[in-house]
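What follows is one structure encoded as structure tokens, with my remarks underneath.
The values are calculated or read from the model by the stated rules, or taken from the named source; none is laboratory data. Remember, predicted model here, so these are calculated numbers, not experimental data. Note that each Cβ is placed from the backbone with ideal geometry, even for glycine, and that neighbours are counted across all protein chains shown. All accessible areas refer to the heavy atoms of the entire protein, side chains included, with ligands and DNA or RNA removed. Shrake-Rupley method; radii C 1.70, N 1.55, O 1.52, S 1.80 Å.
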Amino acid sequence: MKSPLLTLPGAVPAEGADEGVAAHYGDLFREQRALADGTGFVDLSHRGVVTVSGADRLSWLHLLLTQHVSELPAGEATEALVLSAHGHIEHALYLVDDGGTVWAHVEPGTQDALIAYLESMKFFYRVEVADRTADFAVVHLPAGSIAEAPDGVVVRETAYGRDLFLPRADLESYAEKAGPPAGILAHEALRVERHRPRLGFETDHRTIPHELGWIGSAVHLQKGCYRGQETVARVQNLGKPPRRLVFLHLDGSEVHLPPHGTGIRLADEDPDGRKVGFITTSVRHYELGPVALALVKRNVPVDARLMAGDTAAAQETVVEP
């Protein structure tokens, strides 16, 4: 779904998973600084919007999601995952309940598969699941923003800012008064700085929540059964995840950032030697320079010097080995 804000001055379209919104509006670092200072907004209108309404919505979702939501207060934001039977991450939902309906935004293009799963689990519960992507656009206001949300708009407020579920027809008029726009690359740079994983970037077909630090923020350990819960409990109580998320400071002399999937090896081993991980997201940060998130094998020493392709990298621990 192509955003009308791509017609704003300086807009350069994003590619890949974020196609449909602006990568930037002409000045990547200025846009990052604006968001860090609590000004401007980010057009996330390419993300999927799913709602669940009905009297049983919270108790029903509680059975399906990794998060404890059966008593979720109206207006309180949370995030949750849907796991496979083997505990692998399939969906990530960013939720808020408005008192009558649960609103969630999800990764672009994943809403159809999510809705198909939810529909298959309705049984006798009094719930209605709907795809609202065509009607509502997600707009992100950074932490500290004094911009106001229009009356009646559902707001999901977190420590990182506010997500607005804005009627799609109002997107252009809201953008005119919401401050300077920031592209998805600025939003991603701050996400990487905060070590926040993203489905499809930090995950692959075998990722489990422990590897990314999603225990606690998206996975509640003191709730009843849900699909994949046995794996979560077993790893939490009896073992360690096979991989761990790390934050990398990349050699700033390199012109190109190592793309997603770039293999990581120990710096003192042969370039053709074994790979110990891979780059998940790499960005240029306005203060930190080139940085990245990566998944590495759990037994990689925390002080090991690494190479991401041909780029030297120093690691910071995100998930403890």
Margin query: Explain nothing, just the number: dipole magnitude of the stretch 42-135 about its Cα centre with +1 on each Lys and Arg Cβ and -1 on each Asp and Glu Cβ, in debye rounded to the nearest 20.
Written below: 200
Notebook entry, point to check: Ignoring ligands, DNA and RNA, what percent of the accessible area of the chain is carbon or sulfur (1.4 Å)?
Noted result: 51
Checklist line | Choice from Ala169, Ala77, Ala22 showing the highest fluctuation, given a GNM over the chain with Cα pairs closer than 10 Å | finding: Ala169
Next item on the list: Please find, in a Gaussian network model of the chain (springs between Cα atoms separated by less than 10 Å), the residue of Glu76, Glu193, Glu15 whose mean-square fluctuation is greatest.
Entry: Glu15
Margin query: Based on alpha-carbon centroids, what's the gap between the stretch 1-66 and the stretch 169-211 in Å, whole number please?
Written below: 6
Check: Where only protein heavy atoms count, and the probe is 1.4 Å, what is the accessible area per residue for the chain in Å²?
Finding: 45
Note to self: Taking 4 °C and 1.567 mPa s as the conditions, I'd like the Stokes-Einstein D for the stretch 194-286 in µm²/s, using the Kirkwood hydrodynamic radius from alpha carbon pairs.
What the structure shows: 84
Check: For the chain, with the dipole built from +1 on Lys and Arg beta-carbon atoms and -1 on Asp and Glu ones, taken about the Cα centre, which of Val52, Ala314, Pro241 lies farthest toward the positive end?
Finding: Pro241
Item checked: Residue with peak Gaussian network fluctuation, the chain [Cα springs, cutoff 10 Å], from Glu128, Glu287, Glu107 -> Glu287
Next item on the list: Multiply the residue separation of Ala116 and Ala55 by 0.36 nm, subtract the distance between their alpha-carbon atoms, and state the gained length in nm to one decimal.
Entry: 19.9 nm
Notebook entry, point to check: Hey, what did the chain get for relative contact order, percent, Cα under 8 Å, at least 6 apart?
Noted result: 19
Next item on the list: With +1 on each Lys and Arg Cβ and -1 on each Asp and Glu Cβ, and nothing else charged, work out how big the dipole of the chain is about its Cα centre, in Debye to the nearest 20.
Entry: 860
Next item on the list: For the stretch 1-48, list log₁₀ I(q)/I(0) at each q in 0.26 Å⁻¹, using the Debye formula over Cα point scatterers of equal strength and ignoring solvent, two decimals each.
Entry: -1.01
Item checked: Per-residue HN-Hα couplings for the stretch 90-98 [Karplus 6.51, -1.76, 1.60; θ = phi - 60°; Hz; x = Gly/Pro] -> 10, 9, 10, 10, 10, 10, 7, 10, 9
Item checked: Largest-first principal axis extents of the Cα set of the chain (Å) -> 59, 52, 29
Next item on the list: Quick one: of Lys2/Lys275; Lys240/Lys275; Lys122/Lys223, which pairs are farther than 30 Å apart, Cα to Cα?
Entry: Lys2/Lys275
Checklist line | Among Tyr94, Phe124, Phe278 - extreme Cα towards positive end, dipole of the chain, charges at beta-carbon | finding: Phe124
Next item on the list: Have a look at the stretch 73-211 and give its Rg and Dmax from the Cα atoms, expressed in angstrom.
Entry: 16.1, 47
